[in-house]
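Worksheet: one structure, shown below.
The values are calculated or read from the model by the stated rules, or taken from the named source; none is laboratory data. All values reported here derive from a predicted model rather than from experimental measurement. As a convention, Cβ positions derive from the backbone with ideal geometry for all residues, glycine included, and neighbour counts pool all protein chains shown. Side chains included, ligands, DNA and RNA excluded: accessible areas come from the protein's heavy atoms. Shrake-Rupley method; radii C 1.70, N 1.55, O 1.52, S 1.80 Å.
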Amino acid sequence: MLKEITLGQYFPGRSVLHKMDPRMKIILLTVFIVFIFLTKNYVSLAIMVVSVIFVILFSGVSLKLYFKSLKAIIFIVLFTSVLNLFYGTGDPLFQWKFITITQAGINTSVFVAARIISLVLISSVLTYTTSPTDLTDGIEKLLKPLSVFHIKIHEIAMMMTIALRFIPTLLEETDKIMSAQKARGADFDSGNAMTRIKTLIPILIPLFVSAFRRAYDLAMAMESRCYHGGEGRTRMKVLKYSKYDYIALCVVCLLCIGVIICNIRLPITLRTGM
Amino acid sequence: MQFIDVDKVVFAYDNDEETGNTVLKEISLSIKKGEFVALLGHNGSGKSTLAKMFNGILLPDSGDVTVCGMNTKNDETLLDIRRKVGLVLQNPDNQLVASIVEEDVAFGPENLGIDPVEIRKRVDSALKAVDMYEYRDHAAYKLSGGQKQRVAIAGIIAMQPDCIVLDEPTAMLDPQGRQEVMDTIIKLNKEKKITIILITHYMDEAALADRLLILDNGTILTQGSPKEVFSKIELLKRHKLDVPQAAQLAYRLNSCGFKIDELPLNADDCVKMILAQIEKV
Ligand SMILES: Nc1ncnc2c1ncn2[C@@H]1O[C@H](COP(=O)(O)OP(=O)(O)O)[C@@H](O)[C@H]1O
Ligand SMILES: [Mg+2]
């Protein structure tokens, strides 16, 4: 069950997106997300949605995995878009007792759903096509300027590398502990909220104990391998922008210009903030 | 001067001066370059503690550990020592730092500040040395236990050490994983002349070593070649230690009046011994 979680997972491959520099991917992802939220009419929304679809197809990662990442948020998407459906202003298209549905309500809920789904999909593309080390490397390099404020960027990046490395290990362990507790008669699926929270304690305590033991071992293994902080450390993979990065940059710039033009030239569908 | 010298080392985890909790009691031993030493002893006899002394993860309360003349107590040469003496732990899951195989292997050389091109070369050759080159871009957590342990060994080899200390590297593995890891260890010792200090519970693994060291309650009980050590069956039994099954059988036959010339340590030698006995009869 927990194995379904694809958070922070990387799927090795040889696609163009795999070959891109993580720094460029992070920057472009940020720009992309901002522009997803700047779309003001259906044409500009369509531009972003279609490009998300293209990016996914280019990533060379099985579509099944993207559906998996959507499964986790489908409830939130449905909830917020249904809620928005009833909160539109303007002339009602449909009225039944206290329920009114307006054109504006439909617009908002379509935009909300499309934006959240695009956001999740495009972020998944980043983690699916970037190895955790590359990802943290990219973040480390991008945040480097912050070290003038005495923020320990290298340490933060190392912590992220290790966290990403141990997510699957700890998930597997949680699964094992749950099975072990079930075998002892634990019941995780019934009772009210309070009793359910209480049944989590026998899972969390062994998990914590084992995580500390792992941390102790890991620290020792890292020291044995001459780890002594970021000073004087080199990297095997030197980050370098390639032609793919420049092409991607151009493509995203064109998309953004497209969105801006559509927003200005075409009538605005969505007036509310979200 | 030997490669590694352990001189009258005393160590306790908590220093409340009670004699009861001293883990290592005036241990002295030395390891030659290129040797394959197996360290045996029952649980809690201080094997892992001693292993952590070899590369300065733990420092002796009194006495000295020197590697190539460098004392582990000297902070300035500590990195040099750790580059020369690598440590592989029991649980392969807890010693891999990066998620991808080759990135993990690169971790050690990266810490040493080596040039990226050179790191690449070392990582490739280390992965080839442990037969994991095809897996270089795989996610580490999806590998089998034996494969993970070989990646951990590759991570040490990439630092080009003179010696590898392995603390029960096969304890959590299935028979196939154990075999893979043992083959790798022996290959490294024979072909790359890397000194091996292997801590193990498996007597058949220990029988492959050049020299055995038996640790008991923080002191060295006995040491010598596998044949010498395993012929002291009475002593080992008294300290609740096993001998290889072949040696056990020879011992039983001997006590029934059969004359055994050479102590067999594995199944093949054992078969030869029995055939020789049958011919005599
Ligand atoms: N981190 C620790 N803190 C306190 N005591 C420890 C620690 N590690 C081991 N010990 C104790 O030291 C003794 C020797 O342990 P260890 O060296 O792990 O033995 P072995 O590896 O031979 O089983 C044991 O009695 C154990 O309880
Ligand atoms: Mg131990």
Under the Karplus curve 6.51 cos²θ - 1.76 cosθ + 1.60, θ = phi - 60°, whole-Hz ³J(HN,Hα) for the range B:264-280, x wherever Gly or Pro sits: x, 10, 9, 4, 4, 4, 5, 4, 4, 4, 5, 4, 4, 4, 4, 4, 4
Percentage relative contact order, the range B:92-160, counting C-alpha pairs under 8 Å, at least six apart: 48
Dipole in debye (nearest 20) - the range A:2-265, about Cα centre, beta carbon charges: Lys, Arg +1; Asp, Glu -1: 300
Per residue solvent-accessible surface (Å²) - the range A:2-265, probe of 1.4 Å: 57
Förster-model FRET efficiency, 35 Å R0, B:K142 and B:D183, C-beta, rounded to 0.05: 0.95
Chain A: relative contact order in percent, alpha carbon pairs under 8 Å with at least 6 residues between: 33
³J(HN,Hα), Karplus 6.51/-1.76/1.60, whole Hz, each residue of the range B:129-143, x for Gly, Pro: 4, 9, 6, 10, 5, 5, 9, 4, 9, 8, 6, 4, 6, 8, 6
Placed amide H near B:D216: partners under 5 Å, 5+ positions off or other chain: B:L221
Highest to lowest packing among A:104-116, B:93-105, B:232-244, scored as the average C-beta count within 10 Å: B:93-105, A:104-116, B:232-244
Pairwise FRET efficiency - A:K19 versus A:A186, Cβ, R0 = 60 Å, nearest 0.05: 0.80
Share of carbon and sulfur in the accessible heavy-atom surface of the range A:202-252 [1.4 Å probe, %]: 71
Neighbour-limited loop hits for chymotrypsin sites (Phe, Trp or Tyr not before Pro), the range B:1-98 (at most 14 other Cβ within 10 Å; DSSP other than H, G, I, E, B): B:Y13
Estimated distance in nm for a label pair at A:E172 and B:K190, the labels positioned 7 Å out from Cα along Cα-to-Cβ: 3.1
Cα→Cβ-extended label distance, 7 Å offset, between B:V281 and B:F258, nm: 0.7
Global geometry of the protein assembly as shown, whether rounded, prolate or oblate, following the gyration tensor of its Cα atoms and the 1.5 cut on a/c: prolate
Electrostatic dipole magnitude of the range B:206-281 [Cβ: Lys, Arg +1; Asp, Glu -1; Cα centre; debye, to 20]: 260
For A:V61, distant residues with modelled amide H under 5 Å away: none
Interface A:B - total buried accessible surface [probe 1.4 Å, Å², rounded to 100]: 3400
Built amide H within the under 5 Å cut-off of B:F36, gap 5+: B:I196, B:D210, B:R211
Selection from A:N84, A:G230, A:A72 lying farthest towards where the dipole of the range A:2-265 points positive, charges on Cβ: A:G230
Three-way shape label, the range A:126-216, alpha-carbon gyration tensor, a/c 1.5: prolate
Proximal charge balance of A:L164 [Cβ under 13 Å; K/R count +1, D/E count -1]: -3
Cα gyration tensor, chain B - rounded (a/c under 1.5), prolate or oblate: oblate
Those GluC sites (Glu not before Pro) in the range B:5-86 that DSSP places in a loop and that have at most 13 other beta carbons within 10 Å: B:E17, B:E18
Using a Förster distance of 25 Å, the FRET efficiency for A:A211-A:E155 (Cβ separation, nearest 0.05): 0.85
Accessible-area composition of chain B, carbon plus sulfur, in percent [1.4 Å probe]: 49
Average accessible area per residue (Å²) across the range B:214-254 - probe 1.4 Å, nucleic acids and ligands excluded: 53
Net length gained if the chain between A:L93 and A:L146 were fully extended (0.36 nm per residue, minus Cα distance): 13.8 nm
Lys/Arg +1, Asp/Glu -1 at C-beta; the protein assembly as shown dipole; positive extreme among A:F58, A:P202, B:G86: A:F58
Rounded tilt (10° steps) of B:245-255 against the dominant C-alpha axis of chain B: 20
Dipole of the range B:92-160, positive direction: furthest Cα of B:Q149, B:V105, B:H138, with charges on the beta-carbon: B:Q149
Cα centre as origin, Lys/Arg/Asp/Glu Cβ charges: the protein assembly as shown dipole, Debye: 2100
Taking chain B and dividing mean pair separation by its residue count, relative contact order in percent (alpha carbons under 8 Å, at least six apart): 21
Cα centroid separation - the range B:133-164 against the range A:42-60, whole Å: 39
Average other protein chain Cβ within 10 Å of Cβ, residues B:47-56: 1
Peptides ranked, highest mean first, by Cβ atoms within 10 Å: ranges A:32-40, A:79-87, A:118-126: A:118-126, A:32-40, A:79-87
Neighbour net charge for B:M132 - beta-carbon separation under 15 angstrom, K R +1, D E -1: -2
Cβ-based net charge around A:P145, under 15 Å, with every Lys or Arg adding one and every Asp or Glu removing one: +3
Phi-based couplings in Hz for the range A:154-159 (Karplus 6.51, -1.76, 1.60; Gly and Pro marked x): 4, 4, 4, 5, 5, 4
Filtered chymotrypsin sites (Phe, Trp or Tyr not before Pro), the range A:178-241: DSSP coil and at most 15 other beta carbons within 10 Å: A:F188, A:Y241
Cα-projected label distance for A:L200 with B:D204, points at 7 Å along beta-carbon direction, nm: 4.7
